[in-house]
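Presented below is the structure to which this report refers.
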Amino acid sequence: MSDDGRVIDLRSDTVTRPTPAMREAIASAEVGDDQLGDDPTVQRLEDRVAELLGKEAALLFPTGIMANQTAIALHGRSGTEVVCEALAHVLQWEEAGAAAWSGVQLRGVPTPDGVLTAEHVRSAIRPVGNRYQPQTSLVCVENTHNTAGGKVTPLDTLREIRAVADEHGLPVHMDGARLWNACAAAAVAPADFAAPAHTVMVALSKGLGCPVGSLLAGTAEDMDRAWRIRRRMGGAMRQSGILASAGLHALDHHMDRLADDHRRARRLAQAAAVLPRLSATTPDTNIVMMDLAPDAPDAQTVAERLAKQGVLVIPFAARRIRAVTHMDIDDDGIEAAIEALAVAGR
């Protein structure tokens, strides 16, 4: 435990608790029946996010995975292939959803840093007319890239990917679960980052501190089709204005503070990098990947030792632990985590 008995939970930025002000917004939310099209708070949130992302329309989903899989079902065709980065969330962490829901396979392209480039995409697109290979139907990008430690894909790179996709008549979907973090780190407006993609998923429960919710944005026509896919997947919600009110509150009050999470992540990474038998690179955003030396305890052992000191992290690989900063972790929490790391890694 920290000196004050507090648990410092760095497992993910999804572990945050609603602030008192957010709870108040939830309690006073005006609601209707979203499936009947008359929940005014959901409509306000969807309109707000569509405007922020520069898209015609948006849909509220219970989870980002459902929103991503809806986008793949929307754009992909059964029996075709979707190009993505080799460690992309849609490939590694979504339970083969693309195969189960849409009958498509994902072609993961290895990159040195998690940043998919136009040349990576160009080399992965199957030649049209080859009767012995699957045809490409979609390109997926992830910004920020979770497994790459919250890596930001630069705007120019996204534009170049879109140009290659356009050459081949392919749509682009962006998994922007932490796009808000990318915007804060790169000083790029959400609409600019979203412009190269036909559809964009953004999460409210990562970084912004909401208890539930993600949105998918795109053209009005695509969102009309996505509404049906969402319902087919079991994503129909009723008085979901209760959830949407938390999202609206977060957009008003929690966006500007993302830079604090990034600063704290850098502090944690820099301190970890000088500890014996531990290494870490400076993160772009709020995800810190720390690697253990061959002579150090393994990740599971270190995570268990940290837990005994009240610091929670994820054993991300055999010799890698992940820590994610968020609005419930202050500067004192980071310093306590650094002290615990110095003990746990011995």
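So what's the back-of-envelope 222 nm ellipticity for the chain, counting only DSSP H runs of four-plus at -39500 (n - 2.57) apiece and dividing by all residues, rounded to 500?
-12000 deg cm²/dmol
What is the antiparallel percent of DSSP beta bridges lying wholly in the chain, to the nearest 5?
Beta bridges within the chain, antiparallel portion: roughly 55 percent.
If the only charges are +1 at each Lys and Arg Cβ and -1 at each Asp and Glu Cβ, what is the size of the charge dipole of region 1-61 around the Cα centre, to the nearest 20 debye? Present the calculation step by step, with values, prior to reporting the outcome.
Working: 7 positive and 14 negative charges, 59 e Å.
Taking the Cα centre of region 1-61 as origin, the dipole is about 280 debye.
Among Asp192, Asp332, Asp175, whose mean-square fluctuation peaks in a Gaussian network model of the chain (Cα, cutoff 10 Å)?
Asp332
Name the residue farthest towards the positive end of the dipole of region 31-253 from the options Ser245, Trp93, Thr153, assuming +1 on Cβ of Lys and Arg, -1 on Cβ of Asp and Glu, about the Cα centre.
Trp93
Normalised by the number of residues in the chain, what is the relative contact order in percent for Cα pairs under 8 Å and 6+ residues apart? Can you show the working numbers first?
Values: 750 pairs, mean separation 84.5, N = 346.
Result for the chain is 24 percent.
Run the dipole for region 31-253 about the Cα centre, Lys and Arg Cβ at +1, Asp and Glu Cβ at -1, nothing else charged, and hand back the magnitude in debye, nearest 20.
Dipole magnitude for region 31-253 comes out near 520 debye.
Please report the equivalent ellipsoid semi-axes of the chain, computed as sqrt(5 x eigenvalue) of the Cα gyration tensor, largest first, in whole Å. If you can, show how the numbers build up before the last one.
Values: eigenvalues 220, 144, 54 Å².
They are 33, 27, 16 Å, listed from largest to smallest.
Which residues' amide hydrogens lie under 5 Å from the amide hydrogen of Ala57, considering only partners 5 or more residues apart or on another chain, with H built in the peptide plane?
Gly218, Ala220
Please list the non-local residues whose amide H lies under 5 Å from the amide H of Ile314, H modeled 1.01 Å from N, same-chain partners needing a gap of 5 or more.
Arg322
Which whole-Hz couplings ³J(HN,Hα) result when phi for each residue of region 159-170 is put into the Karplus expression 6.51 cos²θ - 1.76 cosθ + 1.60, θ = phi - 60°, listed in order with x for Gly and Pro?
Whole-Hz 3J(HN,Hα) from phi for region 159-170: 5, 5, 4, 4, 5, 5, 4, 4, 4, 9, x, 10.
Tell me, what ³J(HN,Hα) does each residue in region 281-290 have, in order and in whole Hz, if you take phi through Karplus 6.51 cos²θ - 1.76 cosθ + 1.60 with θ = phi - 60° and put x for Gly and Pro?
Once rounded to whole Hz, the list reads 9, 5, x, 6, 10, 10, 10, 10, 9, 10.
Sequence gap at least 6, Cα distance under 8 Å: using those rules, report the relative contact order of region 52-138 to the nearest whole percent.
Taking the mean separation of contacting Cα pairs over the length of region 52-138, I get 32 percent.
How long are the semi-axes of the equivalent ellipsoid of region 205-317, defined as square roots of 5 times the Cα gyration tensor eigenvalues? Whole Å, largest first.
Rounded to whole Å, the semi-axes are 38, 18, 14.
Just so you know, all these numbers are worked out from the coordinates, no wet-lab data involved. Owing to the predicted nature of the structure, the values given are computational and were not obtained by experimental measurement. Heads up, the Cβs are rebuilt from the backbone with ideal geometry, glycines too, and the neighbour counts pull from every protein chain shown.
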